[in-house]
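Engineer: First the structure, then my questions, so here it is.
The values are calculated or read from the model by the stated rules, or taken from the named source; none is laboratory data. The structure displayed is predicted, hence computed values, not measured ones. Note that we place each Cβ from the backbone using ideal geometry, even for glycine, and neighbour counts take in every protein chain shown.
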Amino acid sequence: MTGIIFDIKEMSLHDGPGTRVTVFFKGCPLRCVWCHNPEGLKKETELMVKVAQCEHCGRCMKPCAHLECMPFERCLLACPKGLVGVAGKLVETKTLSQQLRKYKDFLNMNGGGITLSGGEPLMQPEFAVELLQNLRGFHRAIQTSGYAESEVFKKVIENLDYVMMDIKLADPVLHKKYTGVDNVKILKNYQILKSSGIPYVIRIPLIPGITDTSENLKAISKIAQDSPIELLRYNTFAGAKYPMVNKKYTVKETKNNEVDITIFQNGKML
Amino acid sequence: MSKQLLRYILEKEHHSFRKEITENWAAEYCTKGLSPEQRMADRFERLTNMETPHILPDENIVFMRTIKNIPDIFTPEEWEQIKEKRFIHELGYMSNLSPNYEDTIAMGLLEKRKTADEYGRHAIDNIIALADRYKEEAEKQGRQDVANVLERVPRYSARNFREALQFFRILHYSLWLEGNYHNTVGRFDQYMYPYYKEDIEKGVYTKESALELLEDFFLSFNKDSDLYVGVQQGDNGQSMVLGGCNEDGAEVFNELSELCLIASRNLKLIDPKINLRVSKNTPIQVFELGSELTKAGLGFPQYSNDDVVIDGLVKLGYDRMDARNYVVAACWEFIIPKCGGDVANIGALSFPKIVDTVLHRSLTEVQSFEDFMEKVKQEINAECDRITGKIKDLWFVPSPFLSILMNEIKYNNFGIHGTGISTAADSLAAIKQYVYDEKTVSPAELTEAVDSDFAEHSELLPLLRYHALKMGAGGDIADDISVQLLDWFADSLMGRKNCRGGIYRPGTGSAMYYLWHADEIGASPDGRRKGEPFGANFSPSLFAKVNGPVSVIQSFTKQHFERVINGGPLTLEFHSSMFSDEDSVKKVALFVKTYIRMGGHQLQLNAVNAETLKDAQKRPENYPQLVVRIWGWSAYFVELDKEYQDHVLARQEYSL
C-alpha cells in the first residue's frame with residue numbers, strides 16, 4: 001500500500017527516546033496558525049521553491065518534456081541553484097520500510113528508533129499501521145495531534161512503543177479558532193491513550209500569547225493531572241518555510257511568556 | 001584561571017613588549033661562510049640574548065616571546081642554490097614532529113647536556129641563561145613562587161606538577177624560538193599525569209585548583225601563537241592528544257585528560273588544539289565529555305579511532321608499541337612521538353584532477369565504464385610516479401635543540417594526502433550513470449559542458465549537481481567508487497621506497513588543497529562549477545544534497561582506512577541548537593561513539609551557527625573571539641581570508 005510523505009529526517013534528538021529517524025507524513029486535518037511545517041498540511045504533492053535565493057533567471061518556467069514536472073507547470077530539473085523542488089512523495093510501505101531498515105544498526109547503537117510525524121500520521125491510518133507492522137524490531141513512536149476517530153486512534157497506537165501527543169489548547173473554542181478544529185476528539189483520545197498502557201507524553205507547543213497563557217496551561221494541567229508533560233519552547237524560525245509554499249505566516253509575537261512549570265505535576269521544559 | 005591575565009592576553013596588551021629585528025643576519029652568515037649548524041646556533045644565541053623577560057599580571061607559567069620575527073639563516077640566493085640540489089619541504093625548517101618532552105622534564109637540561117653535541121650544549125646554555133634572567137625578573141617583581149620554580153627548572157628535573165608545566169613551556173618556547181614550527185604537544189595527559197597524580201595525592205592541589213593552574217598553562221599557548229602563522233592565522237600545529245591506549249593496549253584516559261577537556265572548554269581559545277583518541281571500548285562518559293567541549297564551538301576535540309589507526313600503522317610497518325603511542329601532527333596526520341621522523345604532509349594527490357585528465361584524454365574513446373576506470377587507475381599510478389619522483393635528496397635545516405628532544409629516529413616515512421575524494425567519486429558516478437549506463441549524456445556533451453563551465457548544455461548543471469548520486473546521499477555507487485580510488489592510491493604507493501629509506505603513506509586529508517587543487521581544474525562532472533572548492537579533507541561535496549549525518553557516516557566509513565592511514569578526517573557540522581540541553585549532548589556523544597563503532601577513522605565534529613557566521617562577516621568587530629574549524633585547526637573567524645570563511649559557510653549544517 002502507498003502513502004505520501006514529505007521528508008525523512010535522519011537525526012532527530014527531540015522526537016522520542018534516543019536518537020530518532022523521523023518520517024514526516026503529508027496531510028493534516030488541523031490548520032494551526034503556528035505550524036512550522038506548512039508543506040505538511042496538504043495531502044497532495046506541491047511545489048516548493050526556496051524563493052529567498054531565487055535570481056529569477058526564468059529557466060524553470062520554460063516548458064520541458066519531463067513527466068515528473070507536468071503537474072507543476074514548472075521544470076523541476078532546471079534550476080541552476082537547485083531551489084525548485086516538490087514537497088511530497090508517494091511511497092510503498094515496502095520500499096519505505098526497506099529504506100528505513102538501513103538505519104537499524106545505527107538506531108540500535110543509539111538507543112533510538114523510528115518516529116512518525118507530519119503533518120498528521122493518523123490521517124493515513126492504514127499506511128501508518130502497515131508501515132509500523134513492517135517496522136517490528138524497531139522502537140516505534142509517533143508525534144500526533146491526537147485528532148482522529150477513536151477507532152483509528154486505537155488501531156494505530158496498538159502498533160507503537162511510545163506516543164507523543166499534543167494538547168495545544170484546553171478551551172474548545174480557542175482550539176477551533178487557532179487550529180481549525182475543536183478538541184473534543186483529542187481529549188477523548190487522550191483518555192484512551194492514558195488507559196492504553198502504552199508509554200506516552202503529552203506535549204504543549206508554547207506559542208506566544210496563544211498557548212503559553214497561564215489560563216491555558218493551568219487548564220491543561222488539570223486535564224493532564226499526573227501525565228508526563230513536555231513543554232516546547234517557541235521556535236523563532238517557525239515561519240521560515242511559508243514563502244517556499246507560497247503562504248504567509250501570521251504569528252507576530254516571537255517571545256514566550258514566562259511559564260511556571262510547577263503547575264504541572266510531571267512537567268519538563270524542552 | 002586569572003580573569004585579569006586572560007583579558008590582558010585577549011586584548012593583546014602583551015604585544016606592546018614586542019620588538020622587530022630588521023638586520024639581515026643571513027647576509028652576515030653568508031659573508032662569514034658559516035655552516036648551517038653554526039648559523040642555527042648563532043641565531044638561537046642571539047635570540048635568547050635579545051629576549052626580554054616579562055612576567056604578566058597573575059601569570060604563573062612564564063616565558064613569552066618579545067621578539068616578533070625570526071630572521072632567516074640563508075639569503076634568498078642561498079636558498080635557490082640549496083633548492084637546485086636538494087628537495088626542500090615547505091619552509092625548509094623542521095616541523096610536525098612530536099618531541100620527547102617527557103624524558104627531558106624528568107632529567108633536567110643539565111643531565112641532557114652531558115650527551116648533547118657541541119651545538120646542543122650551546123643551545124642548552126642559552127636557554128638556562130634566559131631562564132635565569134626570568135628568575136631575576138621574578139625576584140624583582142616579588143614573584144618568589146615563579147623564581148623558586150625557575151631555580152629548579154629547566155636545569156634540573158621537575159619535582160611537581162607546576163615545575164613540569166613550566167619546564168614544558170620553556171621547552172616548547174625554545175623549539176619555536178629555534179625556528180622549528182608546527183611544534184606539537186603530544187600525549188600531554190600521559191606524560192604529565194605522574195606529576196599531577198602525586199601532587200593531588202599529597203594534597204598540594206585539589207582537582208579544582210589543579211584545573212586553575214592547567215588553565216593558566218593553556219593560556220601560555222596563546223601568548224605568542226599569532227607569531228606562528230601557517231597558511232592562515234591559527235594554523236600553528238599546537239596539537240595536544242588526550243586519551244587512547246597505552247603500549248599494552250589498555251585505555252588510559254585519566255583525570256588529567258578530563259581536566260584538559262574542561263580547561264579548553266572554559267578558556268574558549270584556539271590553542272592548544274585538542275584531539276581525543278577513542279575506540280569502541282572507550283566508555284560513553286569520555287564521549288560525553290568530548291561532546292561538552294564540542295558544544296563550546298571551538299571545533300575540539302577531533303576524534304581518532306584507535307581500533308583503526310593502530311592496526312593501520314602496524315600494517316604499514318610500525319612496531320605495535322609505537323603505533324599505540326600515536327599522536328597527531330599539526331592537524332590530523334598520525335605520527336609517532338619521540339622516534340618518528342616522518343614527513344606526514346610531503347605531497348598531495350588530487351583525485352578530481354585524475355578524473356579530469358582521464359575525462360579529457362579518454363572519455364570519447366573508451367567504450368565501457370570498467371575501461372574508463374582502468375584508465376583512472378593507470379593515471380593514479382602515473383600521478384604517484386610524478387609525486388614520488390620529485391622527492392629526492394630531502395634536506396632540512398639542522399635543528400640542534402630539537403634534535404636533543406628527539407630519540408633515535410626509527411621512522412622516515414612520507415605522507416601523501418588524497419584530496420577531493422567526494423568530488424572525484426561523485427564525478428565518476430555521474431559518468432557511469434549518464435554516459436555509460438543510461439547513455440543520456442554523450443561523452444562530447446559532458447566534456448563540452450565541463451569545459452565551458454556549463455555555459456554549454458546548461459541543462460546538465462542542475463542534473464549533475466542536484467539530482468545525481470552523491471557520497472552522503474545514499475549513493476552506494478559513489479561510495480563504492482571512493483573505496484576503489486583509495487585502494488588504488490594505496491596499491492600504487494605500496495612498495496615504493498622514499499629517499500630516506502622509508503615508505504609512502506597515503507591518506508584522506510586535503511589540508512589547504514581543497515582550495516589549491518580545486519583551482520587547478522575547471523568545472524567537474526559532478527556539477528561543481530569552476531572555481532568552487534572541494535570539501536575539506538574526507539567530506540561530502542559542499543553542494544551535495546546529503547540525506548543527513550547518518551547517511552554521511554555510512555558513506556564515509558566504508559573505505560579501507562587501514563590502507564590510507566596518513567590521516568584526514570570526516571568533517572561534520574552540527575547546528576549549535578543540537579547541543580541545547582544535557583540530553584542532546586549525550587545523544588551527540590552516542591552518535592560519535594556509533595561512528596567509531598562503524599569503523600570510522602577520524603572525525604571532526606563542529607558546533608556552528610551559520611547566522612552568527614554571516615553576521616560576523618558583516619560586523620567583524622562584534623566577534624573577535626568567534627572560533628571556527630578550518631581543515632585541521634581552529635581559528636578566529638574574523639582573522640581568516642574570506643575564501644576560508646566562505647568555505648566554512650558553504651559546508652552542510654545539520655540541525656535538529
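Engineer: Please verify whether B:D306 is touching a Cys at 6+ places or on another chain (Cβ under 6 Å) and over 30 Å from B:P624 (Cβ atoms), treating the condition exactly as stated. Walk me through it before giving the result.
Structural biologist: Numbers: touching a Cys at 6+ places or on another chain (Cβ under 6 Å): yes; over 30 Å from B:P624 (Cβ atoms): yes.
Considered against the rule, which asks whether it is touching a Cys at 6+ places or on another chain (Cβ under 6 Å) and over 30 Å from B:P624 (Cβ atoms), B:D306 comes out as yes.
Engineer: Return the total of residues in the stretch B:50-81 being surrounded by fewer than 20 Cβ atoms within 10 Å (Cβ to Cβ) and in contact with a Pro (Cβ under 9 Å, 6 or more places away or on another chain).
Structural biologist: Of the residues in that region, 2 qualify.
Engineer: Right, another one. In the stretch A:69-107, how many residues are more than 12 Å from chain B (Cβ to nearest Cβ) and among the aromatic types (F, W, Y)?
Structural biologist: Counting residues in the stretch A:69-107 that are more than 12 Å from chain B (Cβ to nearest Cβ) and among the aromatic types (F, W, Y) gives 1.
Engineer: Return the pairs, sorted by first residue and then second, in which the second residue is of a type in the set (K, R) and part of a helix (DSSP H, G or I), the first residue lies in the stretch B:96-107 and is touching a residue at least 40 places away in the same chain (Cβ under 8 Å), the beta carbons are less than 7 Å apart, and the residues are 6+ apart or on different chains.
Structural biologist: So the pair list comes out as B:T104/B:K112.
Engineer: Let me ask something additional. Any idea which of B:L213, B:L175 is part of a helix (DSSP H, G or I), in the same structural domain as B:I73 (by TED's automatic domain parsing), at pLDDT 95 or above and buried (at least 17 other Cβ atoms within 10 Å of the Cβ)? Break it down into steps so the answer makes sense when it comes.
Structural biologist: Numbers: B:L213 fails: in the same structural domain as B:I73 (by TED's automatic domain parsing).
The conditions single out B:L175.
Engineer: Next question. For the stretch B:1-116, list the helices (runs of 4 or more DSSP H) that sit wholly inside it and hold at least 1 residues that are within 24 Å of B:D224 (Cβ to Cβ) and in the same structural domain as B:A147 (by TED's automatic domain parsing); which are they?
Structural biologist: Result: B:3-10, B:25-32, B:36-50, B:101-107, B:109-113.
Engineer: Restricting to helices (runs of 4 or more DSSP H) lying wholly in the stretch B:405-499: which have 3 or more residues that are within 14 Å of another protein chain (Cβ to nearest Cβ) and buried (at least 19 other Cβ atoms within 10 Å of the Cβ)? Even if it seems obvious, please write down each step before you answer.
Structural biologist: Working: elements: B:421-430, B:443-451, B:476-493.
Fully inside the stretch B:405-499 and qualifying: nothing.
Engineer: Have a look at A:F25, A:F6, A:F72 and point out the one that is of a type in the set (A, V, I, L, M, F, W, C), touching a strand residue (DSSP E or B) at 6+ places or on another chain (Cβ under 8 Å) and not assigned by TED's automatic domain parsing to the domain that holds A:K104. Outline the logic, then answer.
Structural biologist: Working: A:F25 fails: not assigned by TED's automatic domain parsing to the domain that holds A:K104; A:F6 fails: not assigned by TED's automatic domain parsing to the domain that holds A:K104.
After applying the criteria, what remains is A:F72.
Engineer: To continue, here is another question. Is it true that A:K43 is buried (at least 24 other Cβ atoms within 10 Å of the Cβ) and more than 14 Å from chain B (Cβ to nearest Cβ)? Break it down into steps so the answer makes sense when it comes.
Structural biologist: On the way: buried (at least 24 other Cβ atoms within 10 Å of the Cβ): no; more than 14 Å from chain B (Cβ to nearest Cβ): yes.
When the stated conditions are applied, A:K43 does not pass them.
Engineer: Hey, among B:Y196, B:Y205, which residue is crowded, with 22+ Cβ neighbours inside 10 Å and either more than 16 Å from the chain's Cα centre (by Cα) or of a type in the set (A, V, I, L, M, F, W, C) (or both)? Lay out the reasoning, then the answer.
Structural biologist: Values: B:Y205 fails: crowded, with 22+ Cβ neighbours inside 10 Å.
Of B:Y196, B:Y205, the one residue that is crowded, with 22+ Cβ neighbours inside 10 Å and either more than 16 Å from the chain's Cα centre (by Cα) or of a type in the set (A, V, I, L, M, F, W, C) (or both) is B:Y196.
Engineer: Which condition number in (1) within 14 Å of chain B (Cβ to nearest Cβ); (2) in a loop (DSSP other than H, G, I, E, B); (3) buried (at least 24 other Cβ atoms within 10 Å of the Cβ) is the one that A:T115 fails?
Structural biologist: (2)
Engineer: Name the residue that is nearest to B:V328 (Cα to Cα), counting only residues in the stretch B:581-601 that are surrounded by fewer than 22 Cβ atoms within 10 Å (Cβ to Cβ) and touching a Leu at 6+ places or on another chain (Cβ under 8 Å).
Structural biologist: The selected residue is B:S584.
Engineer: I'd like to check something: does the stretch A:241-261 contain any residue that is in contact with a Pro (Cβ under 8 Å, 6 or more places away or on another chain), within 14 Å of another protein chain (Cβ to nearest Cβ) and in contact (Cβ under 8 Å) with a residue 40 or more places away in the chain?
Structural biologist: Within the stretch A:241-261, one or more residues are in contact with a Pro (Cβ under 8 Å, 6 or more places away or on another chain), within 14 Å of another protein chain (Cβ to nearest Cβ) and in contact (Cβ under 8 Å) with a residue 40 or more places away in the chain.
Engineer: Are any of the residues in the stretch B:426-444 under 20 Å from B:A544 (Cα atoms) and in contact with a strand residue (DSSP E or B) (Cβ under 7 Å, 6 or more places away or on another chain)?
Structural biologist: yes
Engineer: Hey, among B:G531, B:G535, B:G522, which residue is free of Cβ contacts under 8 Å to residues at least 24 places away in the same chain, outside any helix (DSSP H, G or I) and either more than 14 Å from chain A (Cβ to nearest Cβ) or under 24 Å from B:L605 (Cβ atoms) (or both)? So that I can check it myself, show each step before the final result.
Structural biologist: On the way: B:G535 fails: free of Cβ contacts under 8 Å to residues at least 24 places away in the same chain; B:G522 fails: free of Cβ contacts under 8 Å to residues at least 24 places away in the same chain.
Of the residues listed, the single one that is free of Cβ contacts under 8 Å to residues at least 24 places away in the same chain, outside any helix (DSSP H, G or I) and either more than 14 Å from chain A (Cβ to nearest Cβ) or under 24 Å from B:L605 (Cβ atoms) (or both) is B:G531.
Engineer: Residues in the stretch B:120-175 that are over 17 Å from B:T52 (Cα atoms), touching a residue at least 60 places away in the same chain (Cβ under 8 Å) and among the basic types (K, R): how many?
Structural biologist: 1
One line per residue, one yes/no per condition, for (1) surrounded by fewer than 21 Cβ atoms within 10 Å (Cβ to Cβ); (2) of a type in the set (G, A, S); (3) closer than 17 Å to A:I5 by Cα:
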position: A:N37; (1), (2), (3): yes, no, yes
position: A:V51; (1), (2), (3): yes, no, no
position: A:C57; (1), (2), (3): yes, no, no
position: A:E92; (1), (2), (3): yes, no, yes
position: A:G111; (1), (2), (3): yes, yes, no
position: A:E126; (1), (2), (3): yes, no, yes
position: A:N134; (1), (2), (3): yes, no, yes
position: A:H139; (1), (2), (3): yes, no, no
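Engineer: Could you tell me how many of the residues in the stretch B:388-404 are polar (S, T, N, Q), assigned to a helix (DSSP H, G or I) and touching a helix residue (DSSP H, G or I) at 6+ places or on another chain (Cβ under 7 Å)?
Structural biologist: Let us first name the residues in the stretch B:388-404 that are polar (S, T, N, Q), namely B:388, B:399, B:403.
Still in the list and also assigned to a helix (DSSP H, G or I): B:388, B:403.
Adding the requirement that they be touching a helix residue (DSSP H, G or I) at 6+ places or on another chain (Cβ under 7 Å) leaves B:403.
Number of matching residues: 1.
Engineer: Here is a further query. If a residue has to be over 12 Å from A:Q265 (Cβ atoms) and either surrounded by fewer than 16 Cβ atoms within 10 Å (Cβ to Cβ) or among the hydrophobic types (A, V, I, L, M, F, W, C) (or both) to count, how many in the stretch A:201-234 make the cut? Steps first, answer last, please.
Structural biologist: Initially, the stretch A:201-234 is screened for residues over 12 Å from A:Q265 (Cβ atoms), giving A:201, A:203-219, A:230-234.
If we keep only those that are either surrounded by fewer than 16 Cβ atoms within 10 Å (Cβ to Cβ) or among the hydrophobic types (A, V, I, L, M, F, W, C) (or both) as well, we get A:201, A:204, A:206-207, A:209-210, A:214-215, A:217-219, A:231-233.
Number of matching residues: 14.
Engineer: Any idea which residue in the stretch A:256-270 is surrounded by the fewest Cβ atoms within 10 Å (Cβ to Cβ), counting only those that are in a strand (DSSP E or B) and at pLDDT 90 or above? Break it down into steps so the answer makes sense when it comes.
Structural biologist: Within the stretch A:256-270, the subset in a strand (DSSP E or B) is A:267-269.
Going one step further and asking which of them are at pLDDT 90 or above, we end up with A:267-268.
On the way: A:G267: 21, A:K268: 13.
Only one residue fits best here, namely A:K268.
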